[in-house]
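Report on one structure; see the data block that follows.
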Amino acid sequence: MVKSKDRATSSVASRRAVLKRLRDEEIEHILFWFTDLEGHLKSFAVTPFEMEGALDDGMGFDGSSITGFNAIEESDMVAIPDPATFQVMPRPIDEHGHEIGAKVARLICDVVKPDGTPYEGDPRFVLRAALDRMQGLGFDAFNVGPELEYFLFEDDNDTKTLDEGGYFAMTAQDAATEVRNDTIHALESVGIPIEYHHHEVAPSQHEIDMRYADALAMADHTITYRMIVKEVAAWHGYYATFMPKPLFGENGSGMHTHMSLFKNGRNQFFDSKDPHHLSEAAKSFIAGLLVHAREMSAVLAQWVNSYKRLVPGFEAPVYVAWSQRNRSALIRIPLYKPGAEQATRAEIRCPDPACNPYLAFAALLHAGLEGIERGYQLPDEMTTNLYRLSEAERDERGIVALPGSLGEAAEELAGSELMQRALGEHIFPRYVELKRREWNEYRIQVSEWEKQRYLSAL
């Protein structure tokens, strides 16, 4: 089992604090959480009686059935709970206003090998490694603020919407205001601060925005957010989905992600003398994102369905460029407000909410740091609406597009030396294999569109 000297994120005091809360709050079950390579949440339950030993030594499990983990002959894994992630999970309320169901808490885990060394196949470890690289370059924190969008449907069998409201729809057109309110209460109860929420552009589409945090905490928040959004929707009899493009002809769901680097509590992206208020570090970081955008695409938008969203005409970014106001560009720089230097940031608009946040944030950080380390030069700002340019005009300006399919994105990833270093020797080949397999499974299918188009005509 794991010795305490090998523990990177725990202390005796923090573990004792968890045990005290278990007793004081009469917790009946404790869930240990981690994700597989694709970001699917995995969980097993531990009883309070076993928790002291589990906090000290971790809990062993068989990793051979976890997507992307080791084969059966080397499948022994240990889940090490991070005491800082302890939260009591929200419970549904009955018609009398009383909480119902068992009292359950959760802890997010780092996965290690039986000898206590980090497991390279753990997505949380990949993000930790990216943060280590960042600290080696003199920065303290990579702050991120993802904006997750999602749809609410009547059930998981169809895409029947609950309303026909649009962007910022008022209550009468927004059938799920109460669901959103309950979701926010649930999110705040597990320590996730919320900035604002609203109805999105498409029917029955919603957005609840978390306050920014450092990348590791935010990745933990993101997997918790997705679980709670689904749970609260189910309490109301609905189904929530983070599928990027569930409705034909409507906007898909994105995860626009705001980013900045900090050192000694100061935003390293801000420069008062620059016309765009961007430091040299910020410019090189953004240039790194642009240079490596195509290589990262299979991590930021990892499903076949992701590329049904990344098409011109539905507000999703397709072309690799940056701008302050132009929302057709891949990266947007929110306008500077005097006195808000700490808020200077870059927003990348291609990720979707069905990504693995640990791998996505790691990929973004590595790409940006590559730009800083190698001194990438930021190209000129693109102020023209990119959707209105012809292909020849885009070629003339050197503007490339993101991959048009998961198959294209997987091959871009497979040839990326940066992403190989970012994901590591274990995850990189397995992830490429998973995405190639998904694309091959999809492209041999015969769709209803093809039947309607060709069957009677050919």
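Every number here is computed from the coordinates shown, using simple stated rules; none is lab data. Quick caveat: nothing in here was measured; it's all calculated off a predicted structure. Glycine gets a Cβ as well: all are built from the backbone with ideal geometry, and neighbour counts include every protein chain shown.
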Give LYS42/LYS230; LYS245/LYS283; LYS245/LYS451; LYS230/LYS451; LYS20/LYS230 a once-over and call out the pairs whose C-alpha atoms are over 23 Å from each other.
LYS245/LYS283; LYS230/LYS451; LYS20/LYS230
Kyte-Doolittle mean at least -1.0 and Cα axial length at least 24 Å: DSSP H helices in the chain
215-235, 357-374
Between GLN135 and SER65, what is the spin-label point distance in nm, taking each point 7 Å from the Cα along the Cα→C-beta axis?
3.6 nm
Arrange the peptides 34-42, 302-310 so that the one whose residues have, on average, the most other Cβ atoms within 10 Å appears first.
302-310, 34-42
Just want the ordering: SER65, SER390, from fewest to most Cβ atoms lying within 10 Å of their own Cβ.
SER390, SER65
Among [x] 59, 48, 45; [y] 67, 52, 52; [z] 101, 61, 51, the entry that matches Cα extents along the principal axes in Å as calculated here:
[y]
Which of the peptides 439-451, 113-125, 360-372 is most tightly packed, and how do the rest follow, going by the mean number of other Cβ atoms within 10 Å of each residue?
360-372, 113-125, 439-451
DSSP beta bridges in the chain [antiparallel fraction, %, rounded to 5]:
85 percent
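Would you calculate, for the chain, the mean residue ellipticity at 222 nm contributed by helices, counting each DSSP H stretch of 4 or more residues as -39,500 (n - 2.57) and dividing by all residues, to the nearest 500? If you can, show how the numbers build up before the last one.
On the way: 13 runs with 159 residues, N = 458.
Per the formula, -11000 deg cm²/dmol.
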So, by mean Cβ neighbours within 10 angstrom, what's the order for 12-23, 426-437 with the highest one leading?
426-437, 12-23
